[in-house]
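Undergrad: First the structure, which I've put down as structure tokens, then a few questions once you've had a look.
The values are calculated or read from the model by the stated rules, or taken from the named source; none is laboratory data. Model, not experiment: these values are computed from the prediction. Glycine gets a Cβ as well: all are built from the backbone with ideal geometry, and neighbour counts include every protein chain shown.
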């Protein structure tokens, strides 16, 4: 187990990757995050009715004819793209935690919208955890979502985690 001193030294070592001047990325940002879905109907209902994030497109998966691709608008020009693979049993079970997996997706939200969503979560009996001003939820696919009210403008790279 790492000691507190070792952890602080490791963090300081990693900070060498932070540029001294401008920190503009060479890319323009994420368009979507692709997620395996167990049940697209339950996923659409959750994001539309509970989270207030509309389904904006449903098409065939270009890579796999027996799979459906559903996009959910999460704001800021960003989508969660859900894919089902009903004919592939191994893709329908929950993935183990670990390196390379997503811990959660943090979504910036206003306090007003957070309050509205919390009311819908309660009405739908969706378990959630409030911590340090954020609300943590698991969607029907067990994908972790953090509603993160940062307020106002944020600097590039600023996060609540």
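Undergrad: Within region 114-152, track down each residue that is touching a strand residue (DSSP E or B) at 6+ places or on another chain (Cβ under 8 Å), part of a helix (DSSP H, G or I) and over 20 Å from residue 82 (Cβ atoms).
TA: Correct list: 114, 118.
Undergrad: May I ask you to list the residues in region 15-46 that are out of contact with any helix residue (DSSP H, G or I) (no Cβ under 7 Å at 6 or more places or on another chain), outside any loop (DSSP other than H, G, I, E, B) and under 16 Å from residue 71 (Cβ atoms)?
TA: Scanning region 15-46 gives 32, 33, 34, 35, 40, 41, 43, 44, 45, 46.
Undergrad: When region 80-98 is examined, which residues are found to be out of contact with any strand residue (DSSP E or B) (no Cβ under 6 Å at 6 or more places or on another chain) and either outside any helix (DSSP H, G or I) or without any contact (Cβ under 8 Å) to a residue 12 or more places away in the chain (or both)? Don't jump to the end; show me each part of the working.
TA: Taking region 80-98 first, the residues out of contact with any strand residue (DSSP E or B) (no Cβ under 6 Å at 6 or more places or on another chain) are 86, 88-90, 92-98.
Correct list: 86, 88, 89, 90, 93, 94, 95, 96, 97, 98.
Undergrad: Every residue in region 99-125 that is closer than 24 Å to residue 31 by Cα and without any contact (Cβ under 8 Å) to a residue 24 or more places away in the chain, please.
TA: Passing the criteria: 99, 100, 101.
Undergrad: Across region 53-66, what is the number of residues that are in a strand (DSSP E or B) and either out of contact with any helix residue (DSSP H, G or I) (no Cβ under 9 Å at 6 or more places or on another chain) or in contact (Cβ under 8 Å) with a residue 24 or more places away in the chain (or both)?
TA: Residues in region 53-66 being in a strand (DSSP E or B) and either out of contact with any helix residue (DSSP H, G or I) (no Cβ under 9 Å at 6 or more places or on another chain) or in contact (Cβ under 8 Å) with a residue 24 or more places away in the chain (or both): 8 in total.
Undergrad: Of the numbered conditions (1) in contact with a helix residue (DSSP H, G or I) (Cβ under 7 Å, 6 or more places away or on another chain); (2) over 22 Å from residue 40 (Cα atoms); (3) buried (at least 19 other Cβ atoms within 10 Å of the Cβ), residue 82 satisfies every one except a single condition; which is it?
TA: (2) is the only condition that residue 82 fails.
Undergrad: Specify which of the listed residues (140, 149) is more than 21 Å from residue 44 (Cα to Cα), under 15 Å from the mean Cα position of the chain (by Cα) and touching a residue at least 12 places away in the same chain (Cβ under 8 Å).
TA: Residue meeting the stated conditions: 149.
Undergrad: Something else now. Please go through region 62-79 and give me each residue that is modelled with pLDDT of 90 or more and farther than 15 Å from residue 137 by Cα, ordered by number.
TA: Listed by number, the residues that qualify are 67, 68, 69, 70, 71, 72, 73, 75, 76, 77, 78, 79.
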